[in-house]
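Notes follow the structure.
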Amino acid sequence: MTLRPITTDVMVIAHRGASAYGPENTLAAYKQAIMMKADYVEFDLQMTKDGHLVTLHDETLARTTNAEAFFPNRAPWRVKDFTLEEIRRLDAGSWFNKTYPAQAKKEFIGQHVPTLEEAINFVQQHGKGEVGLYIETKAPGVYPGMEENVIEILNKTNVLDNRKLFLESFSEQSLRKLKKLAPQVKLVQLYKRGMLAGKNVYQEFKRVSEYAAGVGPSKELVGRKLVRAAHQYYLLVHPWTVNTQDDMVSLLSLGVDGQFTNNTDQLVDLLEKP
Ligand code: G3P
Ligand code: CA
C-alpha cells in the first residue's frame with residue numbers, strides 16, 4: 001500500500017535554531033536558521049523565578065551558560081531559582097565555541113538567554129513574518145501557570161492566530177491546557193522512546209487526534225505503520241532530531257511531513273527549497 005502524504009511541502013524545523021552552527025536557543029542560532037531558509041524555528045521554554053518565559057532547553061543553566069562560574073554558590077542552577085535579571089547577566093554562547101571549535105565565532109561570545117517575547121519578535125522581524133514558530137513547553141509540571149503565560153505572550157506579540165505556529169510538548173496535560181486556552185492553535189504531541197511501548201498506535205493516535213494536529217516522534221520510532229496510523233487520523237508526522245542526509249532521505253521515503261534538524265542547510269538542500 002502506498003502511503004498518502006498529507007502535505008507535499010515537507011517542513012524544515014530548525015531544532016533549537018540552526019543549533020549545529022550556533023549556540024542553541026540563542027538569537028544567533030535563530031538568525032542562522034532563518035538565513036538557511038528554515039520553514040520553522042523551534043524554541044524550548046523554561047520559566048524564571050519571577051515568572052518570565054525564556055528559551056532554554058535544560059531545566060538548569062549549567063550546560064549552556066556560564067552560571068556555574070558566575071553564581072558559584074547556586075548549584076544546581078535551576079532556571080526556576082533565578083530571576084530574569086540574573087539570567088540576563090549570563091553568557092549563553094561561549095560554551096558553544098569551546099565545545100565546537102570548528103564552528104566557533106566571536107559573535108557567539110556573550111549571547112544571552114532570550115525571553116520568549118524577544119525570540120518571537122526576532123523571528124518575526126528577521127523572517128519577515130514568513131518563518132514559522134514551533135514552541136515547546138518543557139517541564140510544564142515544574143512551572144505552574146506556564147501555559148497561560150505562553151498564550152499571553154503569543155497574544156501580546158500578535159502571533160496567536162498565525163498560520164505558521166505550532167505548540168509542542170511531551171506532556172498531554174500541557175497540550176490539553178493549551179487547547180482549552182487557545183483552541184485555534186495547532187498542537188503536536190511529542191514521543192520519546194518508550195512512550196509508545198505496548199500501545200496500539202492506531203488507538204493512541206485516534207485519541208491524540210482529539211486535541212493535536214500532529215505527532216513528533218523520536219526518529220527511531222518512525223516506520224511505515226506509525227506514519228500510516230498518524231495519517232489515518234490526519235495527524236502530521238514531524239520526527240526529531242534528524243541530522244544526517246541518509247536519515248533525512250529514509251524518513252522522507254516513509255512520508256513524513258517535516259523534520260526537526262540541527263542542520264537546517266542539509267534538509268533545505270535535499271528538498272531543493274527555493
Ligand atoms: O521538540 C522536538 C524535540 O526537540 C524534542 O526533544 O529534547 O530536543 O527538546 P528535545
Ligand atoms: Ca524541543
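Here, each number is a calculation from the coordinates, and none is a lab measurement. Here the structure is a predicted model, which is why all the values come from computation and not from measurement. Cβ: placed from backbone, ideal geometry, glycine included. Neighbour counts: every protein chain shown.
Would you please give the FRET efficiency between Lys273 and Ala69, computed as 1/(1 + (r/R0)^6) with r the Cβ-Cβ distance and R0 = 51 Å, to the nearest 0.05? Spell out each step's value before the answer.
On the way: r = 41 Å, r/R0 = 0.80.
The value I calculate is 0.80.
How big is the convex hull of the Cα atoms of the stretch 1-120, per residue, in Å³? Please list the in-between numbers first.
Values: hull volume 17.0 nm³, N = 120.
So the per-residue Cα hull volume is 142 Å³.
Between Ser250 and Tyr211, what is the FRET efficiency for a Förster distance of 51 Å, r being their Cβ-Cβ separation, to the nearest 0.05? Don't skip to the end; give the middle numbers.
On the way: r = 29 Å, r/R0 = 0.57.
Approximately 0.95, to the nearest 0.05.
Using only Cα atoms, figure out Rg for the stretch 79-132 and give it as a multiple of 2.2 N^0.38 Å.
Working: Rg = 13.6 Å, N = 54, 2.2 N^0.38 = 10.0 Å.
Taking the Cα Rg and dividing by 2.2 N^0.38 Å, one obtains 1.36.
Per residue and in cubic angstrom, what volume does the convex hull of the Cα atoms of the chain have?
Details: hull volume 34.8 nm³, N = 274.
Once divided by residue count, the hull of the chain is 127 Å³.
Could you tell me which chymotrypsin sites (Phe, Trp or Tyr not before Pro) in the stretch 173-274 are loop residues by DSSP with no more than 16 other beta carbons within 10 angstrom of their beta carbon?
Details: sites: Tyr191, Tyr202, Phe205, Tyr211, Tyr233, Tyr234, Trp240, Phe260; in loops: Tyr211, Tyr233, Tyr234.
Qualifying residues, ordered by number: Tyr211, Tyr233, Tyr234.
If you average over every viewing direction, what projected area does the convex hull of the Cα atoms of the stretch 146-274 give, in nm²?
Details: hull surface 33.9 nm².
Spelled out: convex hull of the Cα atoms, projected over all directions, averaged, 8.5 nm².
Listed here are the pairs Lys106/Lys219; Lys80/Lys156; Lys31/Lys186; Lys179/Lys225; Lys106/Lys164; which of them are more than 29 Å apart at the Cα? Intermediate values should be presented prior to the final figure.
Numbers: Lys106/Lys219 33 Å; Lys80/Lys156 23 Å; Lys31/Lys186 24 Å; Lys179/Lys225 27 Å; Lys106/Lys164 32 Å.
Distance filter (> 29 Å) returns Lys106/Lys219; Lys106/Lys164.
Given a cut-off of 19 Å, what percent of all Cα-Cα pairs of the stretch 131-220 lie beyond it? Before the final figure, lay out the partial values.
Details: 1545 of 4005 pairs.
For the stretch 131-220, the share of Cα pairs beyond 19 Å comes to 39 percent.
Scattering from the C-alpha atoms of the stretch 186-252 alone, worked out with Debye: what is log10 I(q)/I(0) at q = 0.13 1/Å?
Results for the stretch 186-252 at q = 0.13 Å⁻¹ read -0.32.
Tell me the net charge near Ala14. Cut-off is 12 Å between Cβ atoms, Ala14 excluded, with +1 for each Lys or Arg and -1 for each Asp or Glu. All intermediate terms of the calculation are to be shown ahead of the outcome.
Values: positive: Arg16, Lys31, Lys37; negative: Glu24, Asp39, Glu42, Asp265.
With Lys, Arg at +1 and Asp, Glu at -1, the net is -1.
With +1 assigned to the C-beta of every Lys and Arg and -1 to the C-beta of every Asp and Glu, and no other charges, what is the dipole magnitude of the stretch 160-274 about the Cα centre in debye, to the nearest 20? Write out the running numbers ahead of the final one.
Numbers: 17 positive and 12 negative charges, 134 e Å.
For this selection, approximately 640 debye.
Just from its helices, what would the mean residue ellipticity at 222 nm be for the chain, if runs of 4 or more DSSP H residues each count -39500 (n - 2.57) and the sum is divided by every residue, rounded to the nearest 500 deg cm²/dmol?
-9000 deg cm²/dmol
May I ask you to list the trypsin sites (Lys or Arg not before Pro) in the stretch 71-143 that are in a DSSP loop and have at most 12 other Cβ atoms within 10 Å of their Cβ?
Numbers: sites: Arg74, Arg78, Lys80, Arg88, Arg89, Lys98, Lys105, Lys106, Lys128, Lys138; in loops: Arg74, Arg88, Arg89, Lys105, Lys128, Lys138.
Of the trypsin sites (Lys or Arg not before Pro), the ones in loops of the stretch 71-143 whose Cβ has at most 12 other Cβ atoms within 10 Å are Lys128.
Can you pull the one-decimal nm distance between simple spin-label points at Asn200 and Asp81, each 7 Å off the Cα toward Cβ?
Each label point lies 7 Å from its Cα, and together they span 4.7 nm.
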